[in-house]
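Asks: Quick one: this structure, given as structure tokens, is what I'll be asking you about.
The values are calculated or read from the model by the stated rules, or taken from the named source; none is laboratory data. In this text, all values refer to a predicted model and were calculated from it rather than measured experimentally. Neighbour counts run over all protein chains shown; Cβ positions are idealised from the backbone, glycine included. These area figures cover heavy atoms from the full protein model, side chains too; ligands, DNA and RNA do not enter into them. Shrake-Rupley method; radii C 1.70, N 1.55, O 1.52, S 1.80 Å.
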Amino acid sequence: MTHTTSADPRLAALQHWLDTLATPFGLHPNTLTPVSGDASFRRYFRVQSDTGPRIVMDAPPPQEDCTPFIDIAQRLTRGGLQVPEIFAQELSLGFLLISDLGSQTFYETIQNGATQDDTTWQQHMRGALQALVKMQKCPAGGLPAYDAARLVQELQLFPQWYLQVHHQHTPNDATLNALAQIFELLAQQAAAQPQVFVHRDYHSPNLMLGAGAPDYIPGIIDFQDAVCGPISYDIASLVMDARTTWDEPTQLDWAIRYWEYARDARLPVPADFAQFHMHYEWMSLQRNLRILGVFARLSHRDGKHHYLDHIPRVLAYVQQVAGRYQPFRPLLRLLDQLDDQPRQDGYSF
């Protein structure tokens, strides 16, 4: 049971809101327990009801806005995807009462021992690939544009937080110019791709284990930041998961399966898989350079030091792609230089 105290006025307000919903929704507000927080200001709770558990989202205004969550949940539901149903809302306070899609994410399943070689796990991943194709066919009109300008802007997190703060490395003008050229190249290549519905964090923490046969379609959460952007973005997120290491043969296997599903669904992927392979690898480089900056910022600015645990994995994905394509050799040399310097652990300020 969560206790409301003056030290957490939002929790007290949330408890009061749930009290008003107790009768119409059969809630038991005294069973409120935390589920998780995330990298934003949002946090989640579970509350029991007469008909099973429900999830409560706390998204404090003005830092967060529940409106996109509601809009996108409706789009995905109409697209035949499994997303939380919204039972009640109080937008002025940033509270939502939604359905509970279960307690086991893909990430937790992997942590509990599932491997890329397990037959059942392969079925769940194929379900996630099929769900991705369904999601990309959902309407993206009115969503924020994930265009070249925004992609380049995001990449500034890499020199600002990963290089200068995390590694205490100040790049010289030549390095900054080389990075600027790489950033522009990545952004332009991504912006030239067909633009579709993009989740932006379509990876293991945001996929809930599906019920199983016949289709293993997962539940999808944390979609409120969806945009209209490059078609290769979400598959890059999934096969180069920042929370889970997949070897290259596994990355390729799942990417090929996605590409085949996408072609069958008449999504605008290239007819040549080799071209698509380059597209999603370059897209992953943009994403993972941004993530290095985000994870460094979460540690050094916000004290969420556990994000540093994932940096070696993300860095390995960056090096995998940078080492394959000639235009990214300056980035690879920079990363090699950083390996020779002492790294800040995120705990000393």
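Asks: Hey, among Thr105, Thr51, which residue is among the β-branched types (Val, Ile, Thr), open to solvent by 70 Å² or more (accessible area, probe 1.4 Å) and either touching a strand residue (DSSP E or B) at 6+ places or on another chain (Cβ under 7 Å) or over 26 Å from Phe197 (Cβ atoms) (or both)?
Replies: Thr51
Asks: For the stretch 172-211, name all the residues that are without any contact (Cβ under 8 Å) to a residue 24 or more places away in the chain and closer than 30 Å to Leu101 by Cα.
Replies: Scanning the stretch 172-211 gives a single hit, Ala211.
Asks: Return a yes/no flag: does the stretch 106-123 have any residue that is among the polar types (S, T, N, Q), closer than 30 Å to Val47 by Cβ, at pLDDT below 95 and not in a helix (DSSP H, G or I). Break it down stepwise before answering.
Replies: So in the stretch 106-123, the residues among the polar types (S, T, N, Q) come out as 109, 111-112, 115-116, 119-120, 122-123.
Right, trim to closer than 30 Å to Val47 by Cβ and you get 109, 111-112.
Still in the list and also at pLDDT below 95: 109, 111-112.
If we keep only those that are not in a helix (DSSP H, G or I) too, we end up with 112.
Checked the stretch 106-123: at least one residue is among the polar types (S, T, N, Q), closer than 30 Å to Val47 by Cβ, at pLDDT below 95 and not in a helix (DSSP H, G or I).
Asks: For residues that are among the charged types (D, E, K, R) and more than 20 Å from the chain's Cα centre (by Cα), scanning just the stretch 266-296, find the one that is most open to solvent (accessible area, probe 1.4 Å).
Replies: Looking at residues that are among the charged types (D, E, K, R) and more than 20 Å from the chain's Cα centre (by Cα), I get Arg266.
Asks: Further question: Select from the stretch 54-92 the residues that are surrounded by 15 or more Cβ atoms within 10 Å (Cβ to Cβ), assigned to a loop (DSSP other than H, G, I, E, B) and modelled with pLDDT of 95 or more and list them in ascending order.
Replies: Across the stretch 54-92, the qualifying residues are Gly79, Leu81, Val83, Pro84.
Asks: Okay, moving on. Return the only residue of Ala226, Ala192, Ala213 being more than 22 Å from Gln251 (Cα to Cα), in contact with a strand residue (DSSP E or B) (Cβ under 9 Å, 6 or more places away or on another chain) and surrounded by fewer than 22 Cβ atoms within 10 Å (Cβ to Cβ).
Replies: Ala192
Asks: Which residue, of Ala140, Ala149, Ala128, is open to solvent by less than 60 Å² (accessible area, probe 1.4 Å), assigned to a helix (DSSP H, G or I) and modelled with pLDDT of 95 or more? Talk me through it step by step, then tell me what you get.
Replies: Details: Ala140 fails: assigned to a helix (DSSP H, G or I); Ala149 fails: open to solvent by less than 60 Å² (accessible area, probe 1.4 Å).
Criteria check complete, one pass: Ala128.
Residues checked against (1) without any contact (Cβ under 8 Å) to a residue 12 or more places away in the chain; (2) over 21 Å from the mean Cα position of the chain (by Cα):
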site	(1), (2)
Gln89	no, yes
Asp118	yes, yes
Gln122	yes, no
Tyr162	no, no
Gln168	no, yes
